[in-house]
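*Asks:* This is the structure, below, for whatever I ask next.
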Amino acid sequence: MLAPIIPGLNDHEMPAILTAARKAGARFASYTILRLPHAVAPIFTAWLEAHRPGEKEKILGRIRELRHGALNVSTFKERMRGSGPAADQIRQLFAVAKRRAGFTEIDQPLNTAAFRVPTQQMSLFD
């Protein structure tokens, strides 16, 4: 799981990360784009100001491109991937990098042979 992808900060690292993950034995890959809900937005903005002041506005601008001008959108299916041309570009880069790294769809069907139905509810505090 590549998470979080921060547009303008680490999105260019996806190909190298996917290649390294595949070489290490990963069989599936996915990603999530940075979300900045509630109190997280000012914390991240302060971090950018302290550590990447010259890139702060570029990074926040790219996040807003994915979020209809906001730093966060909580709409289902948009909150984890964003929307619009910038989100499509990240999705396409991820898809190409994933294919080049040698990832395929899950090649092993799910197996429930080891699953057993619990006989009683366990207590959280025993």
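*Asks:* So, residue 4, is that one in a helix (DSSP H, G or I), modelled with pLDDT of 95 or more and within 30 Å of residue 109 (Cα to Cα) or not?
*Replies:* Taking the combined requirement at face value, the residue does not satisfy it.
*Asks:* For residue 67, are the conditions met, namely being under 29 Å from residue 100 (Cα atoms), surrounded by 12 or more Cβ atoms within 10 Å (Cβ to Cβ) and of a type outside the set (Ser, Thr, Tyr)?
*Replies:* yes
*Asks:* A follow-up question, please. From the list 33, 59, 5, which one is under 21 Å from residue 90 (Cβ atoms), touching an Asp or Glu at 6+ places or on another chain (Cβ under 6 Å) and β-branched (Val, Ile, Thr)?
*Replies:* Among 33, 59, 5, only 5 is under 21 Å from residue 90 (Cβ atoms), touching an Asp or Glu at 6+ places or on another chain (Cβ under 6 Å) and β-branched (Val, Ile, Thr).
*Asks:* Failed condition for residue 103, given (1) modelled with pLDDT of 95 or more; (2) surrounded by 10 or more Cβ atoms within 10 Å (Cβ to Cβ), with all others met?
*Replies:* (1)
*Asks:* Is one or more of the residues making up region 43-62 part of a helix (DSSP H, G or I) and touching a Pro at 6+ places or on another chain (Cβ under 6 Å)?
*Replies:* yes
*Asks:* Can you pull out every residue in region 7-37 that is aliphatic (A, V, I, L, M), more than 15 Å from residue 105 (Cα to Cα) and surrounded by fewer than 16 Cβ atoms within 10 Å (Cβ to Cβ)?
*Replies:* 16, 20, 24
*Asks:* Still on this structure: Listed residues 96, 117; which is modelled with pLDDT of 95 or more and either over 18 Å from residue 4 (Cα atoms) or not in a loop (DSSP other than H, G, I, E, B) (or both)?
*Replies:* On inspection, the qualifying residue turns out to be 96.
*Asks:* Still on this structure, I have one more. Pull up region 73-93, narrow it to residues that are part of a loop (DSSP other than H, G, I, E, B) and charged (D, E, K, R), then point me to the one that is nearest to residue 10 (Cα to Cα).
*Replies:* Across region 73-93, the extreme among qualifying residues is 81.
The values are calculated or read from the model by the stated rules, or taken from the named source; none is laboratory data. The structure displayed is predicted, hence computed values, not measured ones. Backbone-built Cβ (ideal geometry, glycine too); neighbour counts: all protein chains shown.
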